[in-house]
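Enquirer: The following block contains the structure, expressed as structure tokens.
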Amino acid sequence: MNDVLQTASHIGIIPVIAIEDANNAVPLARALTAGGLPAAEITFRTAAGEESIRRVARECPEVLVGAGTVLNLDQCRRALDAGARFIVSPGYNPELVDFCVKEGVVVLPGCVNASDMTRAYNAGLKVVKFFPAEQSGGVGFLKALAPVIPLNFMPTGGVNTKNLMDYLSFDRITACGGTWMVNKALIEGEQ
């Protein structure tokens, strides 16, 4: 397992964060680190995503920072140029996966069925995002596929404090992603 995936596995939880103002990125990364979560999947859902990744990568090198909601190769290149150490996509984009594999970049495409997972395995991936996890059958679905699909998973979507341990207790889970540990109002200084 490469160092990015080993670090993610050691941390166990990867906060998924949509940042509206890049000025909030470094304080948030420092707060997560102080709380024992030195990781962030900063999404490209906002205009501040790319700059937020850049600032965290530059000012908080101890944080495992990646780019989430990466939909295409342009976003991927921008995220990597900003300092992202891994790429997460909500679905399986062959062009994106092929590029990352060729460049040696950890990519976690969203896979919700045996076809997506087989494609990911045949592309050389070891870990994929399982999204949306709960809506797609949860840990039970992963356990049913595990004997025939030799992959590990990072479930995201519906993972929360109530079901987190169900996921993490399954040995094929590398880490879980989620938004529940980062309150948007607190990021924006409203509380």
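Read-outs: derived from the displayed coordinates by stated rules, not from any lab. The structure presented is a predicted model; accordingly, all values stated were derived computationally and were not measured. Here the Cβ positions follow ideal geometry from the backbone for every residue, glycine too, while neighbour counts run over all protein chains shown.
Enquirer: Just want the answer: with Cβ charges of +1 for Lys and Arg and -1 for Asp and Glu, which residue in Val148, Gly178, Gly66 is farthest toward the dipole's positive end in the chain?
Expert: Val148
Enquirer: Let me ask something else. By the scheme Lys and Arg +1, Asp and Glu -1, what is the net charge of all other residues having a beta-carbon under 12 Å from that of Cys100?
Expert: Net charge around Cys100: 0.
Enquirer: Under 13 Å from the Cβ of Phe131, count the other residues' Cβ atoms, weight Lys and Arg +1, Asp and Glu -1, and hand me the total.
Expert: -2
Enquirer: Turning to a different aspect of this structure: Between rounded, prolate and oblate, where does segment 45-191 land on the alpha carbon gyration tensor, with a ≥ b ≥ c its root eigenvalues, rounded for a/c under 1.5, else prolate if a/b exceeds b/c?
Expert: The shape class here is oblate.
Enquirer: Return the long-range amide H neighbours of Gly157 (sequence gap of 5 or more, or a different chain), with a cut-off of under 5 Å between placed amide H atoms.
Expert: Under 5 Å from the amide H of Gly157: Ala133.
Enquirer: Can you give me the long-range amide H partners of Val107? Hydrogens built in the peptide plane at 1.01 Å from N, cutoff under 5 Å, separation of 5 or more residues or another chain.
Expert: Counting only residues 5 or more places away or on other chains, the set is Ile87.
Enquirer: Okay, moving on. Measuring from the lowest to the highest alpha carbon on each principal axis, how far does segment 81-152 reach, largest first, in angstroms?
Expert: Per principal axis, max minus min of the Cα coordinates gives 37, 22, 16 Å.
Enquirer: According to the square roots a ≥ b ≥ c of the eigenvalues of the Cα gyration tensor, what is the shape class of segment 1-129, taking rounded for a/c under 1.5, prolate for a/b larger than b/c otherwise, and oblate for the remainder?
Expert: prolate
Enquirer: Express the relative contact order of the chain as a whole percentage, based on alpha carbon pairs under 8 Å and six or more residues apart in sequence.
Expert: RCO, the chain: 19 percent.
Enquirer: If you don't mind, another one. Run the helix sum for the chain: -39,500 (n - 2.57) per DSSP H stretch of 4+ residues, divided by residue count, reported at 222 nm to the nearest 500 deg cm²/dmol.
Expert: -11000 deg cm²/dmol
Enquirer: Residue-wise, which Karplus ³J(HN,Hα) couplings in Hz belong to segment 153-164, taking 6.51 cos²θ - 1.76 cosθ + 1.60, θ = phi - 60°, and x for glycine or proline?
Expert: Once rounded to whole Hz, the list reads 9, 10, x, 8, x, x, 7, 8, 5, 6, 10, 3.
Enquirer: Over 25 Å between C-alpha atoms is what I'm after, so list which of Lys162/Lys184; Lys102/Lys184; Lys126/Lys162; Lys129/Lys184; Lys126/Lys184 land there.
Expert: Too far apart for the 25 Å limit: Lys102/Lys184; Lys126/Lys162; Lys126/Lys184.
Enquirer: Can you tally the net charge around Ala48? Count Lys and Arg as +1, Asp and Glu as -1, for every other residue whose Cβ sits under 9 Å from the Cβ of Ala48.
Expert: Charge balance near Ala48 sits at -4.
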